[in-house]
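Here is the structure we will look at, set down as structure tokens.
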Amino acid sequence: MAYFVTGATGFIGRHLVEELLRNREGEVFVLVRDSSRGRLEELIASWPNGDRVTPVVGDLAEPQLGVGPAWIDEHKGEIDHFFHLAAIYDMTADEERNERLNVQGTRNAVALANALEAGILHHTSSVAAAGSHRGLFREDMFDEGQKLPSAYHRTKFESEKIAREESTVPWRVYRPAIVVGHSETGVMDKIDGPYYFFKAIQKVRAKLPQWAPLVGPELGWTNIVPVDFVAKAMDHIAHQPDLDGQAFHLAHPKGQRSGEVLNTFARAGHAPVMAVRVDKKILDALPKGTFSMLMKLPALKGVRDSVLADFGVPPQVVEHVGFTCQFDTRDTERALKGSGLEVPELDTYAAKLWDYWERQLDPDLYKDRSFEGAVNGRTVVITGASSGIGREAALKIAAAGGIPLLVARSLDKLEETKAEIEAKGGTAYVYSADLSSFESIDQLVERLLADHAAVDMLVNNAGRSIRRSIKLSHDRFHDFERTVQLNYLGTIKLTMGLLPHMAERGSGHIVNVSSIGVQTNPPRFSAYVASKAALDAWTRVASSEVIGDGITFTTIHMPLVRTPMIAPTKIYDSFPTISPSEAGDIICEAIRAKPKQINTRLGTFGEVLYALAPKAVDQILHMAYKVFPDSAAAKGQKDPDEKASVEQIAMANLMRGVHW
């Protein structure tokens, strides 16, 4: 007995070859491109009886698979079974690639099988050949006038047609359903089919407890089978007599609801499940074409694609999740009778699939999530870089290979920071600018863009804080004007100056250093909190407009930091604060992970509490207003003996990080 196998290094192919080597006698010839010899050698070493495998160098795109006439003449009439598995199984592949590999590749394979006068041609098709047929699709059905909604569907249909019509040797066709990993080991070679939804399940698990009930979509019927069943079924059916000229659905005999499949994998991943599933038929009840027409609108399509991209799901996959028909498997069941082979239920092996994906295939395992990877070689504008938080962030960015562009009024201090960076082998540039002056900001933007081919990121760190009660501010309206000028107007002026450049490049990230005060509304910070709240509001609006240009924002609601800015308030000397270095780490994390916000738990709690019980919060804050009086500096005085009381220190520790 001799075999010829194409696609032996592919997912189904390598499991089929393993079955042939384990269960059958004889030589197994394997088509392999010269560039893939190394991969084949690895598989041969792992297969049982691998010494019976003989590589045959060729190429799917060449006539007769590139196999030379001398080899054909030598083996003519000797190949009992010719298995053609080489193809592309990818809903996201383009028309040209599907055509070249699925259609032309099959034509070349059939030509070689004919030339070899093979005993039987075994062609691996797909249930996709049924297209959008409605109702039951039997194994003796093929060309039923069904619509073929994608390049993948069309080329799987056309390749099966070639096997049926152009083969001069007996043929058998195998139509696997959606093939997933091995039911015993979980092994899978790539993300495909239901695996595209694993990342969404994982993200939901990270946000919600497992018991949380979800509402989700029911996208119709699907059909999933493990690769070991497919390989074993093909091996068994191929060696049964009197089955030529037939097709076999290697599928679950009943099929599965897509929503239940997702729930099964959610249980395997210890994630919440959909307690309520909204049936797709509700959308189907709309006038024909309504939903598809809406999804073609650029705005809605952009929203959909953005959400799917966040979960790593290609839009093409969502469009073809549910089958429009169910697949009859009675011929397959008859052919497998007595073999003990049947499709295992998904819930018996889903945990193995999930475990293998999470340990081996999860895309996040292979992403460079390091801070170095985020900033290496990139230019980062940092305002307020002469001291405190900005200086610390600049040192960390430069140490990681980034190029900080240091901005502040004090040029001599900037030069000191630059010298420190260069002494450690880094690179930095300095720019003196008054960020409360629109003219100075315009000049800064002009210099930045003239000096650097790209400005990749902007850290809006410069700011002014004023701690003074309304009672002491009636004749100091300029406090509000100065704070808004720098913290809000100057910040957005600089940001807007760089946005066109970032949009032209199609990327950019902006980090705004806001305050925990925006979330907790502490007394005596009306000027400061209002200016930062204005920046937050502007950012929320602007980010929705520029996300399509590849520009993103992170807002940091920074807790109290021990910097020169808080030095005039002497009671802060005894308060729990974070250091400028720790604050610099937060900025680095904003650059690395690019989250929408970075908050403290206390800040988030304050925000939620104010939304639920604003009057009660007012009373709590009024108590703090009495406990923490205006400082001597706020009154325009000096008091060398000013220090925090025991009561003040206790409350500051209880509400760690809040500006009081």
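Within region 11-40, residues that are touching a residue at least 40 places away in the same chain (Cβ under 8 Å) sit with their Cβ atoms under 8 Å from residues that are surrounded by fewer than 17 Cβ atoms within 10 Å (Cβ to Cβ) and among the polar types (S, T, N, Q), at 6+ positions apart or across chains, in these pairs: Phe29/Thr54. Of the residues making up region 119-147, those that are among the basic types (Lys, Arg) and either farther than 12 Å from Phe323 by Cβ or assigned to a strand (DSSP E or B) (or both) are Arg138, Lys147.
Among the residues of region 138-158 satisfying the criterion of being modelled with pLDDT of 95 or more and under 23 Å from Lys232 (Cα atoms), which is surrounded by the fewest Cβ atoms within 10 Å (Cβ to Cβ)? So the residue we want is Asp140. From the list Ala200, Ala212, Ala206, the one residue that fits, being surrounded by fewer than 21 Cβ atoms within 10 Å (Cβ to Cβ), over 30 Å from Leu21 (Cα atoms) and free of Cβ contacts under 8 Å to residues at least 60 places away in the same chain, is Ala206. Residues in region 36-62 that are part of a helix (DSSP H, G or I) and touching a Leu at 6+ places or on another chain (Cβ under 9 Å): 2 in all.
Please enumerate the residues belonging to region 241-268 that are assigned to a helix (DSSP H, G or I) and buried (at least 18 other Cβ atoms within 10 Å of the Cβ). If the condition is that a residue be assigned to a helix (DSSP H, G or I) and buried (at least 18 other Cβ atoms within 10 Å of the Cβ), then Ser258, Gly259, Val261, Leu262, Asn263, Thr264, Phe265, Ala266, Ala268 are the ones that fit.
Among the helices (runs of 4 or more DSSP H) confined to region 381-454, the ones with at least 3 residues that are in contact (Cβ under 8 Å) with a residue 40 or more places away in the chain and closer than 20 Å to Ser579 by Cα are located at 388-399.
Of all residues in region 23-40, those satisfying the criterion of being farther than 20 Å from His123 by Cβ and touching a helix residue (DSSP H, G or I) at 6+ places or on another chain (Cβ under 9 Å) are Asn23, Glu25, Gly26, Glu27, Arg33.
Conditions: (1) under 34 Å from the mean Cα position of the chain (by Cα); (2) within 21 Å of Leu20 (Cα to Cα). Leu121 meets all but one. Number of the miss? In the conditions (1) under 34 Å from the mean Cα position of the chain (by Cα); (2) within 21 Å of Leu20 (Cα to Cα), Leu121 misses (1) alone. The residue that is surrounded by the fewest Cβ atoms within 10 Å (Cβ to Cβ), counting only those in region 333-358 that are charged (D, E, K, R) and either touching a Gly at 6+ places or on another chain (Cβ under 9 Å) or not in a helix (DSSP H, G or I) (or both), is Lys337. Can you tell me which residue is nearest to Ala398 (Cα to Cα) among those in region 574-612 that are in contact with a Lys or Arg (Cβ under 7 Å, 6 or more places away or on another chain) and of a type in the set (A, V, I, L, M, F, W, C)? For region 574-612, the residue satisfying everything is Cys588.
Scanning region 159-187 for residues that are crowded, with 19+ Cβ neighbours inside 10 Å and more than 23 Å from His15 (Cβ to Cβ) yields a count of 2.
For Gly373, state whether it is surrounded by 20 or more Cβ atoms within 10 Å (Cβ to Cβ) and either at pLDDT 95 or above or within 27 Å of Ala593 (Cβ to Cβ) (or both). Judged against the criteria, Gly373 is not a match. The set of residues in region 6-35 being in a loop (DSSP other than H, G, I, E, B) and farther than 11 Å from Phe83 by Cα consists of Thr9, Gly10, Arg24, Glu25, Gly26, Arg33. Residue check: Gly135 meets all listed conditions (1) at positive phi; (2) surrounded by 21 or more Cβ atoms within 10 Å (Cβ to Cβ) but one, namely (2).
Which one is nearest to Tyr195 (Cα to Cα) among residues in region 59-102 that are among the aliphatic types (A, V, I, L, M) and modelled with pLDDT under 95? Top of the filtered list is Met91. Residues in region 600-627 that are small (Gly, Ala, Ser) and within 22 Å of Arg467 (Cβ to Cβ): Gly603, Gly606, Ala624.
The values are calculated or read from the model by the stated rules, or taken from the named source; none is laboratory data. From a predicted model like this one, the values you see are computed outputs, not experimental measurements. Neighbour counts are summed over all protein chains in view; Cβ atoms, including those assigned to glycine, are modelled from backbone coordinates with ideal geometry.
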